[in-house]
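Here is the structure we will look at.
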Amino acid sequence: MSKKRTWSKLLNNKSIILLLLTAVSILLTVYFMPKDHSKSYEYSIGKPWTYSELIAPFSFSIEKSEENYNKEIDSLRAVFMPYFSLDTNIENESLKKLSKKFDNIEDDRITDQIIQSLRERLISVYKRGVINPEDEERVKKLQYIRTYKGTSASHVSTEMVLTLIEAYQFLMDIQVNDSIKHLFKQNNLDDLILPNLIYDKEKSESDLKSLESQISHFKGMVVANQKIIDYGDIVDKNRYQILTSYEKISSKRVDSKKFKTLALGGQMLFVSVIFLILFFYIKIYWLENVNKTRDLLFLYSCVTFFLITTSLFSIHIQWNIFILPCAMSAIMMKVFLDFRTALIGYLTQILICSVILATPYDFVLLQIVAGLAGIYSLKDLSQRSQIFKTVFVIVLTYCVLYLAMQMIQLDNMSLINGKMFIYFAINGVLLLLTYPLILIIEKLFGFTSNVTLIELSNINHPLLRILSETAPGTFQHSMQVSNLAAEAANEIRANTQLTRTAALYHDIGKMKNPAFFTENQNGNNPHSNLSLEQSAQIVLEHVKEGVKLADKHGLPKVIKDFIITHHGNGTAKYFYISSQNANPDKTIDKSKFSYSGPNPTTKETAIVMMADSIEAASRCLNNYTEENINNLVEQIVNTQVAEGFFKDTPLTFKDINDIKRVFKKRLRTMHHTRISYPTYSKKEGNQIGSASK
């Protein structure tokens, strides 16, 4: 048991949780960061060089661009002559077949001269060469092919080579009458035509690869101490290839194991320093205001998730980095935390990206300004349309700032990369996913956004509508408590919307037995037929019943906290005191008349407890004078303070005094003295009575 208590104590210690989250975030970020840092500069064709003068520290060859190298390969392939083996046996066999065909034909029309002509044409066909049908497309694209037999080879023009159809047509194109040609066809002279040029794939590909290997990947040299590029020079295609070659050679010259060790150490040191800045900000300025460790978990999860996403994006996806909606984290942190924490968390994320992306000057500058614009534009997320407005502001900031930077760097507007504006637009579309993600985060971390609170505060919400129909008095009481509590919360800078919404639901448990609560009674009091203990149990049960209804209707946990704590560990004093008075000689078990609690732990739950008690008690005042109202507020709040209901809340004495002042002012307004309208005299014969203004 002692070990469990120790572990539970550690988990509830916010400082230890903060330290653990910082360590885990550092390790995860460094683990997913790219380890190949051979490219140390950011540049592109047509853009100015934004770094200082670069001098070659060593001599190196200039590598051809992939495009130029492929062009040379394509040019070689276009003129390459593939190999075809020449099979002379095909010709000899065909000549023998020709002789046999006409030896069996007894027709005076077939003279020796005609047979000799066919023989000569058949020899001519095979001398030119006949190819397979599958080789026709290959040969058509070429001017020459190489034919070989044994060790001898020769070049043959593709215009001379025949296909099977062309060879047959050539053979049949003999000067004889149609009847003899018809006789040729009957004897299937096409049997004499067979391919004698056979494509040699292995020999052709081997020779082609040998020739391709002779094409150099380089096109010149840069000698040591030669200037490569200077600040402001435009990176043209030639300079781009020189810079690319320089970086490739540089990466090879570095001992890989030693370099990776140094790079890893540098990454760990840099990321640790940036995360420690976030750590000390939270420790010094924010930790005391953190209500639950979930706030810390969400902050670090949000920052670390986007850092890992940026790392994976830069390693595996060859798209422009500005497509990634980094400002989404700024929006979500602003929605669920506060402005200052969102700002520090977002700056932490973007600064670490400067290591992930290796000197991305434009990225860091644009993302910081766009994120700030998004945070500033989203004061309070209370409507869906605000997400569209924020996204528009962020995209507009990207576009304007990028345009300004390009105007500073370039001397010709035509050099501006128009694709960047398309990337910014895609970024904006992805930023619209923030809204559904907010709903997911609410479920994962138990947050409740202002949008959800505003939806719940609508009196047409099914649960509130049932409350107004089942327990109208309780509904009116809840409305008044909501107004009182919201004004007090606004005064001490607590969460006004949360206070207003939660107050509407704090008494929903009374719907089970509405008639047992004074505000819903119409003269009949069902407590008259019950013992004091039974009556107390029914009243106490409204808290548990409220939690059941909240679960049934899917109310957020933060609303249920108000239902549970609005009476704290207090007692149903009317029944408890009445029981003591009725049994002066007995010891009354106070637990039977006490709520199960717990007491409030936040400013908002404390305000609702005060407002609930004061609004209910104010209904018992006979005269709503300023003195009576002041005394009522002072007595109730001071009693609650004395009984320790607020000792676990961050309320200060100043906060309590401000809350009391607001309650007094609001009650005086709610119960102001009304005037009576004058009545008609009897002479008029019409009397109106008095009416309230």
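The values are calculated or read from the model by the stated rules, or taken from the named source; none is laboratory data. From a predicted model like this one, the values you see are computed outputs, not experimental measurements. For neighbour counting, all protein chains shown are included, and Cβ atoms are generated from backbone atoms with ideal geometry for every residue, glycine included. Protein only, heavy atoms only, side chains kept; ligands, DNA and RNA dropped before computing areas. Shrake-Rupley method; radii C 1.70, N 1.55, O 1.52, S 1.80 Å.
Any idea which residue in the stretch 265-282 is least open to solvent (accessible area, probe 1.4 Å), counting only those that are of a type in the set (Val, Ile, Thr) and closer than 29 Å to residue 35 by Cβ?
The extreme case among them is 271.
Does any residue of the stretch 289-297 turn out to be modelled with pLDDT under 90, in contact with a Lys or Arg (Cβ under 8 Å, 6 or more places away or on another chain) and outside any helix (DSSP H, G or I)?
yes
Go through the residues of the stretch 191-204 one by one and say whether even a single one is modelled with pLDDT under 85 and on the phi < 0 side of the Ramachandran plot.
Pass one, the stretch 191-204, residues modelled with pLDDT under 85: 191-192.
Those still in the list that are on the phi < 0 side of the Ramachandran plot too: 191-192.
Yes - at least one qualifying residue is present in the stretch 191-204.
Inside the stretch 582-626, can you point out the residues that are of a type in the set (Lys, Arg) and out of contact with any Pro (no Cβ under 8 Å at 6 or more places or on another chain)? Steps first, answer last, please.
In the first step, residues of the stretch 582-626 are kept if they are of a type in the set (Lys, Arg); the result is 586, 590, 592, 603, 619.
Across the stretch 582-626, the qualifying residues are 586, 590, 592, 619.
Of the residues 343, 337, 351, only one is open to solvent by 20 Å² or more (accessible area, probe 1.4 Å), in contact (Cβ under 8 Å) with a residue 12 or more places away in the chain and under 17 Å from residue 267 (Cβ atoms); which?
351
Any chance you could count how many residues in the stretch 591-638 are buried (at least 20 other Cβ atoms within 10 Å of the Cβ) and of a type in the set (Phe, Trp, Tyr)?
Residues in the stretch 591-638 being buried (at least 20 other Cβ atoms within 10 Å of the Cβ) and of a type in the set (Phe, Trp, Tyr): 2 in total.
Please work out if residue 486 is aliphatic (A, V, I, L, M) and either surrounded by 19 or more Cβ atoms within 10 Å (Cβ to Cβ) or within 21 Å of residue 460 (Cβ to Cβ) (or both).
Spelling it out, residue 486 is indeed aliphatic (A, V, I, L, M) and either surrounded by 19 or more Cβ atoms within 10 Å (Cβ to Cβ) or within 21 Å of residue 460 (Cβ to Cβ) (or both).
Tell me which of these residue 641 doesn't satisfy, since it passes every other one: (1) surrounded by 15 or more Cβ atoms within 10 Å (Cβ to Cβ); (2) farther than 30 Å from residue 446 by Cα; (3) free of Cβ contacts under 8 Å to residues at least 24 places away in the same chain.
Here residue 641 meets the rest and fails (2).
Tell me, which helices (runs of 4 or more DSSP H) wholly within the stretch 569-642 include 1 or more residues that are hydroxyl-bearing (Ser, Thr, Tyr) and closer than 21 Å to residue 486 by Cβ?
Correct list: 603-618.
Could you say whether any residue in the stretch 514-525 is open to solvent by 50 Å² or more (accessible area, probe 1.4 Å) and on the phi > 0 side of the Ramachandran plot?
Scanning the stretch 514-525 turns up at least one residue that is open to solvent by 50 Å² or more (accessible area, probe 1.4 Å) and on the phi > 0 side of the Ramachandran plot.
Of everything in the stretch 110-168, what is without any contact (Cβ under 8 Å) to a residue 12 or more places away in the chain and polar (S, T, N, Q)? Give them in sequence order.
Within the stretch 110-168, 111, 113, 116, 151, 152, 154 meet the criteria.
Of 361, 285, which residue is in contact with a helix residue (DSSP H, G or I) (Cβ under 9 Å, 6 or more places away or on another chain), modelled with pLDDT under 85, surrounded by fewer than 16 Cβ atoms within 10 Å (Cβ to Cβ) and not hydrophobic (A, V, I, L, M, F, W, C)?
When all the criteria are applied, what remains is 361.
Could you pull out the residue among 573, 560 that is charged (D, E, K, R), under 20 Å from residue 644 (Cα atoms) and free of Cβ contacts under 8 Å to residues at least 60 places away in the same chain?
Result: 573 is the single residue among 573, 560 that is charged (D, E, K, R), under 20 Å from residue 644 (Cα atoms) and free of Cβ contacts under 8 Å to residues at least 60 places away in the same chain.
Hey, residue 112 hits all of (1) at pLDDT 80 or above; (2) within 27 Å of residue 192 (Cα to Cα) but one; which does it fall short on?
(1)
Would you mind stating whether residue 571 is open to solvent by less than 40 Å² (accessible area, probe 1.4 Å), on the phi < 0 side of the Ramachandran plot and among the β-branched types (Val, Ile, Thr)?
For residue 571, the condition - open to solvent by less than 40 Å² (accessible area, probe 1.4 Å), on the phi < 0 side of the Ramachandran plot and among the β-branched types (Val, Ile, Thr) - is met.
Can you tell me how many residues in the stretch 471-493 are more than 38 Å from the chain's Cα centre (by Cα) and without any contact (Cβ under 8 Å) to a residue 40 or more places away in the chain?
3
Mind checking which residues of the stretch 310-334 are without any contact (Cβ under 8 Å) to a residue 60 or more places away in the chain, in a helix (DSSP H, G or I) and open to solvent by less than 20 Å² (accessible area, probe 1.4 Å)?
Answer for the stretch 310-334, where residues must be without any contact (Cβ under 8 Å) to a residue 60 or more places away in the chain, in a helix (DSSP H, G or I) and open to solvent by less than 20 Å² (accessible area, probe 1.4 Å): 310, 313, 329, 330, 333.
Are any residues in the stretch 492-513 touching a Leu at 6+ places or on another chain (Cβ under 9 Å) and outside any loop (DSSP other than H, G, I, E, B), and if so, which ones?
497, 498, 500, 501, 502, 503, 504, 505, 508, 509, 510, 511
Restricting attention to the stretch 392-424, and to residues there that are of a type in the set (Ser, Thr, Tyr) and within 14 Å of residue 367 (Cβ to Cβ), which single residue is surrounded by the most Cβ atoms within 10 Å (Cβ to Cβ)?
Ranking the qualifying residues of the stretch 392-424, first place goes to 398.
Mind checking whether some residue in the stretch 433-447 is at pLDDT below 90 and in contact with a Phe, Trp or Tyr (Cβ under 6 Å, 6 or more places away or on another chain)?
Taking every residue of the stretch 433-447 in turn, at least one turns out to be at pLDDT below 90 and in contact with a Phe, Trp or Tyr (Cβ under 6 Å, 6 or more places away or on another chain).
Inside the stretch 11-46, can you point out the residues that are open to solvent by 70 Å² or more (accessible area, probe 1.4 Å) and modelled with pLDDT under 90?
11, 12, 35, 36, 39, 42, 45
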